[in-house]
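Scroll down for the structure; my scribbles are underneath it.
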Amino acid sequence: MIEYSLRDSTETDIAMDFRENGIDDIPFSHLLIAIKGFDLGFLEEKFHRSKTGVSLGMPEEIPRSIGRISCLPLLEGMDHINARYLNQTSLIDFISQEPRDFTKYQDGYYVLVDGFLLQTDRKGDVTNKYPHPYLHEPHSIFPDKTGRYFVITASGCDSLVVFDAEEKNFQVKWTGYDNGYNYSIGSDHKVLFSDGVSVDGSQLGDGLPNINMERDNPRPLTTGQQTTHINSACFAADNQTIYATLFATHVENTDSGGIIGHSGGKLLAISPDGSTKEILKELSNPHSITPLGNDTYALANTSEGKIYFYEANPVNHDFKRVNVLSFRNLPGNLRGGKEWIQSFKISYDDPGKMWMTVADGARHCIHILNLNDRTRYRLHHPDQWAVQNVQVITNTPQG
């Protein structure tokens, strides 16, 4: 149950309306943090190179970054996380290739890393390892209401995959390839074929080919400006429909047969039969679609620096925006004024108040927001850390 009314305002600027408190006042003992890599410059260069097909999507092997997921105690007076603290205090702590997301499962966690879904026990040790060929550049994992099924976004393969925790198997639920999102929108308008040869799309007329996703052994991230780059998903209230965000989507044919593309993000409703409805358009590289209860959802409009709140119609899945948190006026932007709210996760304390833990890539910090009391807490981290997901928790996994 949400006690904080999302209808209090239509535009809430957290820099003004949320008072800043110290970490000592937070009723959570630990922070779970997924760090995709410790060299942000390398990761950004790799992504930008992929936009022109120089690296990703080509036959050569792509170097992967080493990242880490850790469970860190929140100490009195703490206002930053450094490498020494990370090395000395972790409870869950394992190193892997580009870890992206985590979610609670029984006494431990499911953890999403490049190529695998990992299961941990309550001590944080990996107990099972589930590979799947579509888990290249995986981005998010979210449980259904029963706790049996977990929807996974496989960004590198433009696909949704559902994991059955009882049967321990995967089902490919939806692909961009099969639903009309078939073209590369790189700056040179090239379409990538399965043999690695790129052809200028403007010379192909109406017979534009589909990208071959190499389904038996897909390579990661066909291009950095591929037409979907699906990167977060959750189950709707009916526990059957899936809501999913597309990072970069719009592509159309011109009269001359060429391709025009831009990165207008979208939110989809994907039905159990795989049919697709575009709910929202022209979003700014959205991430982290998350249910809050009572048919209410939050979504990170990433490069706009805002988190939107919506009411969803459970029948036709139309979304109505009811509130927004804006991070744009906060000081400390280190990206030349460009915003980047990477992700957020929701937690609840004992009185049932809702807390939001936000990874702010523009300020290289973590915001911990109490949405009921309008308070904000902030933890800084080193500038070269690519923090992918964060969440405050009340008890350690061992507890």
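Some points to look at:
- Residue match in the range 353-360 (condition: free of Cβ contacts under 8 Å to residues at least 40 places away in the same chain and within 20 Å of residue 83 (Cα to Cα)): yes
- Scan the range 307-316 for residues that are free of Cβ contacts under 8 Å to residues at least 60 places away in the same chain and either in contact with a Phe, Trp or Tyr (Cβ under 7 Å, 6 or more places away or on another chain) or in a loop (DSSP other than H, G, I, E, B) (or both) and the total you get is 5.
- For the residues 129, 145, the requirement of being at pLDDT 85 or above and in a loop (DSSP other than H, G, I, E, B) singles out 145.
- Residue 151 being buried (at least 18 other Cβ atoms within 10 Å of the Cβ), under 15 Å from the mean Cα position of the chain (by Cα) and in a strand (DSSP E or B): yes
- Restricting 134, 85 to those that are open to solvent by less than 40 Å² (accessible area, probe 1.4 Å), within 26 Å of residue 377 (Cα to Cα) and modelled with pLDDT under 90 reduces the list to 85.
- Strands (runs of 3 or more DSSP E) contained entirely in the range 214-254, each with at least 3 residues that are open to solvent by less than 10 Å² (accessible area, probe 1.4 Å), closer than 22 Å to residue 114 by Cβ and at pLDDT 50 or above: 230-235, 242-246
The values are calculated or read from the model by the stated rules, or taken from the named source; none is laboratory data. Keep in mind the model is a prediction, meaning the values are calculated, not measured. Backbone-built Cβ (ideal geometry, glycine too); neighbour counts: all protein chains shown. Just the protein is used for accessible areas: all its heavy atoms, side chains included, with ligands, DNA and RNA removed. Shrake-Rupley method; radii C 1.70, N 1.55, O 1.52, S 1.80 Å.
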